[in-house]
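**Q** Okay, handing you the structure first.
Coordinate-derived values only; no laboratory data. In this text the structure is predicted, and so the values were computed from the model without any measurement. Reconstructed Cβ throughout: ideal geometry from the backbone, glycine too, with neighbour counts over all protein chains shown.
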Amino acid sequence: TEPALIFDVDGTLAETERDGHLPAFNAAFAEFGLPWVWDARLYGELLAVTGGKERIRHFAGRYDPRRAAAADFGELVQQLHRAKTAHYVRSVAAGAIPLRPGVAELIGAARAAGWRLAIATTTAPENVDALLRASLAPDAAGWFEVIGAGDVVPAKKPAPDIYDWVRERLGLPAAACLAIEDSANGLDAARTAGLRCLVCRGEYSRDQDFSAAWRVVDSLEGIAPKDLFPPAP
Ligand code: XBP
Ligand code: MG
C-alpha cells in the first residue's frame with residue numbers, strides 16, 4: 001500500500017498567519033465596529049489557541065469580558081468569523097500568500113511517486129480551497145484524497161481528532177502516514193494520533209518545543225519523498 005503525506009495548512013504550506021489571517025480578523029472587527037485591533041505580537045500569543053472562533057472567544061474573555069458575557073456573544077463570534085473568512089478568501093484568491101519554499105516540489109514529487117495526499121487543518125475548508133487554488137494550481141484541491149478542515153471535528157489541535165478523522169478516511173495504519181506540521185499544537189495532535197511527524201519550523205513557531213518530532217527542518221526545500229519513508233534499517 002502506498003504511503004500518505006498528511007499536510008497541515010497554516011504555517012506549513014504557506015505563512016498564512018501574519019499577512020492572511022491576522023489582517024482578516026482585524027478587518028472583520030472593524031466591519032462590526034469593534035475597538036479590537038490585534039498586532040503581530042499579540043497575535044503570536046493568541047495562536048496558542050487554534051481555530052479562529054476559538055481564538056476570538058479566548059481574546060474577548062480575556063480583554064473584553066463584558067462583551068464576552070453578553071447574551072448575543074455567541075452569535076457575534078459566528079458573524080465575525082464569517083466576515084473574517086470572506087476577507088481571508090478574498091486576499092488569498094488575489095494571490096496574497098505564496099507557498100513556502102519546496103512545498104510545491106514535494107507535493108509534485110509525491111504525486112509522481114503515486115503517493116496519497118491529505119490535509120489536516122483547523123482552518124475553514126473555504127480557506128484551504130482558496131489557498132490551494134491560488135498558490136498551487138486551479139485543480140489542486142482534487143490532488144488531496146481527504147481534506148479534513150475546520151469544524152468537521154469539534155476538538156481542534158492539539159487534540160488528535162482531525163488526524164484520526166483523516167487517517168480513518170484514508171483507511172491506512174498510522175505507520176503508513178507522515179504528518180507535516182509547523183507548530184507544537186500540530187505536532188501534539190499528530191503524535192497523539194500515533195503519527196510520525198516532520199516539523200518545518202515557521203515564523204511563529206521557531207522557539208517551540210519539537211522534541212517529539214521525527215525530524216525538524218526550517219524548509220521543505222530539497223526534501224524528496226524517499227527521504228520521508230526511509231527503508232527499515
Ligand atoms: C491554524 C489555525 C487557524 C487559523 C485561522 O492552525 O490556528 O485557526 O489561524 O483559521 P493549524 P480559521 O495550522 O495548526 O491547523 O479562522 O479558519 O479557524
Ligand atoms: Mg500550522
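**Q** Excluding same-chain residues fewer than 8 positions from LYS84, which lysines have a Cα within less than 26 Å of its Cα?
**A** The qualifying lysines are LYS53, LYS156, LYS157.
**Q** Please identify every one of the trypsin sites (Lys or Arg not before Pro) in region 141-233 that sits in a loop by DSSP and has no more than 16 other beta carbons within 10 Å of its own beta carbon. Kindly include the intermediate steps, with their values, before the conclusion.
**A** Working: sites: LYS156, ARG167, ARG169, ARG191, ARG196, ARG201, ARG206, ARG215, LYS226; in loops: LYS156, ARG201, ARG206.
Sparse-neighbourhood loop trypsin sites (Lys or Arg not before Pro): ARG206.
**Q** Counting other Cβ atoms within 10 Å, keep those with at most 16, restrict to DSSP loop, and tell me which chymotrypsin sites (Phe, Trp or Tyr not before Pro) in region 142-233 are left.
**A** TRP214
**Q** Given Cα pairs under 8 Å that are at least 6 residues apart, what percent is the relative contact order of the chain? Mind showing how you got there, number by number?
**A** Working: 371 pairs, mean separation 58.0, N = 233.
It comes to 25 percent, rounded to a whole number.
**Q** What are the ³J(HN,Hα) couplings of region 30-36, residue after residue, when phi is run through the Karplus curve with 6.51, -1.76, 1.60 and θ = phi - 60°? Round to Hz, x for glycine and proline.
**A** 5, 4, 8, x, 7, x, 8
**Q** Would you mind counting up the charge near ALA224? Only other residues with Cβ under 14 Å from its Cβ, with Lys and Arg at +1 and Asp and Glu at -1.
**A** Details: positive: ARG111, ARG215, LYS226; negative: GLU105, GLU221, ASP227.
Neighbourhood net charge equals 0.
**Q** From the C-alpha coordinates alone, can you work out the Kirkwood hydrodynamic radius of region 115-233, in Å? It would help to have the intermediate numbers written out before the result.
**A** Numbers: mean 1/r = 0.0671 Å⁻¹.
That comes to 14.9 Å for region 115-233.
**Q** First obtain the Kirkwood hydrodynamic radius of region 17-93 from its Cα pairs, then insert it into the Stokes-Einstein equation at 4 °C and 1.567 mPa s, and state the resulting D in µm² per second as a whole number. It would help to have the intermediate numbers written out before the result.
**A** Details: Rh = 12.5 Å.
This corresponds to a translational diffusion coefficient of 104 µm²/s.
**Q** Taking all pairs of different Cα atoms in the chain, averaging 1/r and flipping that mean, what Kirkwood radius in angstroms comes out?
**A** For the chain, the Kirkwood estimate is 18.1 Å.
**Q** Tell me the mean residue ellipticity at 222 nm calculated for the chain from its helices only (DSSP H runs of n ≥ 4, each -39500 (n - 2.57), averaged over every residue, nearest 500).
**A** The per-residue figure over the chain is -12500 deg cm²/dmol.
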